[in-house]
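Okay, so here's the structure we're looking at.
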């Protein structure tokens with residue numbers, strides 16, 4: 001194995017270990033749980049907006065052609 005490859009592999013190992021140090025995995029889990037919650041809220045809001053934008057047609061609102 002080349003020295004540069006070995007150094008690169010070591011750096012990658014250290015940086016990935018540092019990402020999970022001091023509650024890093026808990027923070028990432030919390031972020032993704034919060035992200036899912038925010039996305040669900042946004043989708044519900046979009047559905048409510050879409051349903052309120054629908055025009056309700058009454059039978060009195062129909063237009064008849066002029067003769």
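Bear in mind that the values in this text are calculations on the coordinates, not laboratory data. Quick caveat: nothing in here was measured; it's all calculated off a predicted structure. Positions of Cβ are generated from backbone atoms using ideal geometry, with glycine treated the same way; all protein chains shown enter the neighbour counts.
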* Please give the length that would be gained between residue 30 and residue 52 if that part of the chain were fully extended, namely 0.36 nm times their separation in residues minus their C-alpha to C-alpha distance (nm, one decimal). => 4.6 nm
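Report the calculated FRET efficiency for residue 17 and residue 37 (r = Cβ-Cβ distance, R0 = 35 Å), to the nearest 0.05. Let's see the in-between values first.
On the way: r = 29 Å, r/R0 = 0.83.
Efficiency, from the Cβ-Cβ distance: 0.75.
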